[in-house]
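Input: a single structure, listed below in structure tokens.
The values are calculated or read from the model by the stated rules, or taken from the named source; none is laboratory data. Since the model is a prediction, treat every value here as computed from it, not as a measurement. Positions of Cβ are generated from backbone atoms using ideal geometry, with glycine treated the same way; all protein chains shown enter the neighbour counts.
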């Protein structure tokens, strides 16, 4: 991995952890010392993060940590749903390969296994997130549409918008488990539609799938608990 890419990843992670509050200026000198890198890769990383929408240009030059609105996050989640719906339709219409069928079934089995544990604790939640990420990545990779893949990658750069940014389900433990089961049941239904070559149904299911993430965002915003990344979101 190139130095520039390494610096970009490290700086993005630093900002998402809440090291710098919204409105704070991001000084190049400070960041070079913090990350142990020269100004050239730091400048390139800042420019990329501004394009992603995580930071913004300051009026007097340089960059500021940006406050993200709830609407921006919800809009990005909705866009992801439509893009992933298109990917699912393309896979269904082109026909599922034996390898993809095996890989998707394995992800479904992983999710089923996790749900039998009751999804207690953040460790189980982290495992479910990893399963969810692999599941969605498989369908996206199989759609064979690079423009669509690039569009999803760009959209996912907004904090909390991607499938990998799934927050712990809000509410009581019983309520959270019920929602998580519903999410995984949607995974099962989506795979069945893809296997049957039902492109329109696969697209509708994938688009609808993100509604749970949107509902969960509303709950997280109204919650008193500080979830990862939520410090960046303006609460109505």
Could you say whether any residue in region 61-68 is in contact with a strand residue (DSSP E or B) (Cβ under 7 Å, 6 or more places away or on another chain), loosely packed, with under 14 Cβ neighbours inside 10 Å and without any contact (Cβ under 8 Å) to a residue 40 or more places away in the chain?
yes
Exactly one of these conditions fails for residue 12: (1) within 26 Å of residue 213 (Cβ to Cβ); (2) touching a strand residue (DSSP E or B) at 6+ places or on another chain (Cβ under 8 Å); (3) in contact (Cβ under 8 Å) with a residue 40 or more places away in the chain. Give me its number.
(2)
Within region 7-20, tally of residues that are at pLDDT 85 or above and over 14 Å from residue 63 (Cβ atoms)
2
Top-ranked residue in region 14-39 [being over 25 Å from the mean Cα position of the chain (by Cα) and part of a loop (DSSP other than H, G, I, E, B); ranked as surrounded by the fewest Cβ atoms within 10 Å (Cβ to Cβ)]
36
Number of positions in region 1-19 that are over 22 Å from residue 154 (Cα atoms) and either in the same structural domain as residue 151 (by TED's automatic domain parsing) or in contact with a helix residue (DSSP H, G or I) (Cβ under 8 Å, 6 or more places away or on another chain) (or both)
0
Across (1) farther than 15 Å from residue 210 by Cα; (2) in contact (Cβ under 8 Å) with a residue 12 or more places away in the chain; (3) part of a helix (DSSP H, G or I), residue 99 clears everything bar (2)
What about residue 197, is it surrounded by fewer than 18 Cβ atoms within 10 Å (Cβ to Cβ), at positive phi and at pLDDT 85 or above?
yes
